[in-house]
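The structure appears below as structure tokens.
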Amino acid sequence: MNAGSAKTPKLGVQDATKIYHTASGDLLALDRCSLDVHANEIVSIVGPSGCGKTTLLWSMSGLHRLTSGTIRLDGKEITGPHSDIGIVFQEANLLPWRNLDANIHFPFEIKGEKPDRAWIAHLVNRVGLDGFGGKFPRELSGGMQQRAAIVRALALKPSVLLMDEPFGALDSFTREEMNRLVEEIWLDTKTTIVFITHSIEEAIFLSDRVVVLSSRPGRVAKEYRVPFPRPRSLEIMATKEVFDLTNTIKMDIVGERVRPKARERGTAEIVRIRP
Amino acid sequence: MSGGDAIPEFSKAKSGDAHEVSLTNLSAFASGPGIRSGAEVAAIIAVAVVIIGGIELALRLFNVPHYIMPGPSAIAYALYDEFPLIAPHLGYTLVELVSGFSIGAIIGLVMAAVITQFPFAEKIVAPYILILVTTPMLALVPLLILRFGFGYTPRIIAVALAAGPMVMINAATGFRRVDSAKIALARSYGASTLQIFWKIRAPMALPMILVGLMIGAIFGLLTAVGAEMVGGGFGLGNRLTTYSSMIQMPQFFAVVLILSTLGILIYVLFFLIGKKWASWEA
């Protein structure tokens, strides 16, 4: 199977179920969640907090194993971390004892590969971090740290980029700036992106599709196409269509939040509510 | 493996939260906040001059005899005059300190690294470590002398026993500072356990390791001097007992001065290492 074939999704999630075994009992985080992400697509996942968004993303990354169900990359099941998948974590997650250059070289170091200097220079320039290579993370603003984290995630040229609420800790202006940056990078590379966020505006601005997860246990509750052309200008984002879509999704999430907390199912017993 | 993962809640467990103790914090009580200005340095020197001069003046004014409390000038002269005789003893003490500390620190570091990899083993070993940390190793010196004689050996063992556990508990605290997001980052690139140790755990533990090394070295100095006072004919501790038994108080205080200088040098050494290699935490 090849990546470009119309049938095979870039990232195929089939009946993903995840149970965490905690000290206070089992916790069903994902319940037969299915979702296809196609090549070159940006898909955002939104949902009430604690609905399993991050669990789903971590399972896609291969960092967490599903209890049952499969996740396929180009038709091949993911059983562990995969170098074709880049991750941007919450709050940059740079290594504070390394300067930016060393942080960006970290993936190559682990892989035992020579850093692709031309590509890195291109990325660094793209995100506007020229001349900051010798700086340490603590010397940089949150936005700049997250820019560096994006460069690091793209350093190995992954075909899929997973972003786990990457801009949640940033102020709203920096956040908009970062969203524009992600759009630019996407227009540049057409990397498939799965984006987790709490912000519906952010999801609509960035995505081809917005997926709403149900409250825990997480499964796909609703899915919306976002048909607006790119690059998405402020004018487009101010239209009534965008406003209506935002409200519809907001209502969905509120609806999910007030819905009875857990759908008891089979063996899984829900005893703990994650804060 | 499936289901054994921790629930991802990284936003709540910021890496900064675990860092309540650091070399720079520890330095706070000694050096105060920040860099001093020229005026502040001048003030510190002025205070020293006033104190030293005041003591000198008071001792002379009240005719306090040398064998009760020698004045600063007498101590300074003794230090200058006796130094050629004291210097070899300083050398012996340094040999004991450096070799005992190195042995203890290496064993302590290795044990901390191994034990923190196995939380179960750590639980079993923890109470015994506590005994090692809280027992004054000086108490064992008579026994060690009985077994190993009056040479270097019992003293080096005592220094290692005093320094090792200090290094170990602090290093273990450092190694236990797991930041799951950073480990996940390394794992996402397929890092091995060894790579995670060297590239994530060890650098994260470094500030605490340095604190442990500093405390261990100072404990080692205390133990070396104490062991020298218990028995054997050489070392700075031996000089202390000798001078005091001969009521040569200026010389006695000269040795005390050398010992406190040694302690300060140990502190400054690790402080500078920390500033160079672990300043990212400040």
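A few notes on this one:
- Checklist (1) out of contact with any Asp or Glu (no Cβ under 8 Å at 6 or more places or on another chain); (2) surrounded by 13 or more Cβ atoms within 10 Å (Cβ to Cβ); (3) part of a helix (DSSP H, G or I); (4) at pLDDT below 90 applied to B:Thr116, failing item: (1)
- Selection of region A:59-73 for residues being surrounded by fewer than 19 Cβ atoms within 10 Å (Cβ to Cβ) and of a type outside the set (Lys, Arg) yields A:Ser68, A:Gly69, A:Thr70.
- Number of residues in region A:231-275 that are at pLDDT 80 or above and more than 25 Å from the chain's Cα centre (by Cα) equals 3.
- Considering region B:184-198, the residues that are in a helix (DSSP H, G or I) and either over 24 Å from B:Gly108 (Cα atoms) or facing another protein chain (nearest Cβ under 7 Å) (or both) include one that is nearest to the chain's Cα centre (by Cα), namely B:Gln195.
- Cβ-Cβ under 6 Å pairs, at least 6 apart or on other chains, region A:11-40 side surrounded by 23 or more Cβ atoms within 10 Å (Cβ to Cβ), far side part of a strand (DSSP E or B) and among the charged types (D, E, K, R): A:Ala29/A:Lys18; A:Leu30/A:Lys18
- Scanning region A:40-85 for residues that are facing another protein chain (nearest Cβ under 8 Å), farther than 23 Å from A:Tyr224 by Cα and not in a loop (DSSP other than H, G, I, E, B) returns A:Ser61, A:Ile85.
- Being aliphatic (A, V, I, L, M), crowded, with 17+ Cβ neighbours inside 10 Å, part of a helix (DSSP H, G or I) and not assigned by TED's automatic domain parsing to the domain that holds B:Gly231 is a property that holds for B:Ala74.
- Being over 22 Å from A:Phe167 (Cα atoms), more than 8 Å from chain B (Cβ to nearest Cβ) and not small (Gly, Ala, Ser) is a property that holds for A:Cys33.
- Only one of the numbered conditions (1) part of a helix (DSSP H, G or I); (2) closer than 30 Å to B:Gly216 by Cβ is violated by B:Phe150, and that is (1).
- Test for A:Asn93: is it buried (at least 18 other Cβ atoms within 10 Å of the Cβ), out of contact with any strand residue (DSSP E or B) (no Cβ under 6 Å at 6 or more places or on another chain), outside any strand (DSSP E or B) and more than 8 Å from chain B (Cβ to nearest Cβ): no
The values are calculated or read from the model by the stated rules, or taken from the named source; none is laboratory data. Model, not experiment: these values are computed from the prediction. Glycine also receives a Cβ, built like all others from the backbone with ideal geometry; neighbour counts cover every protein chain displayed.
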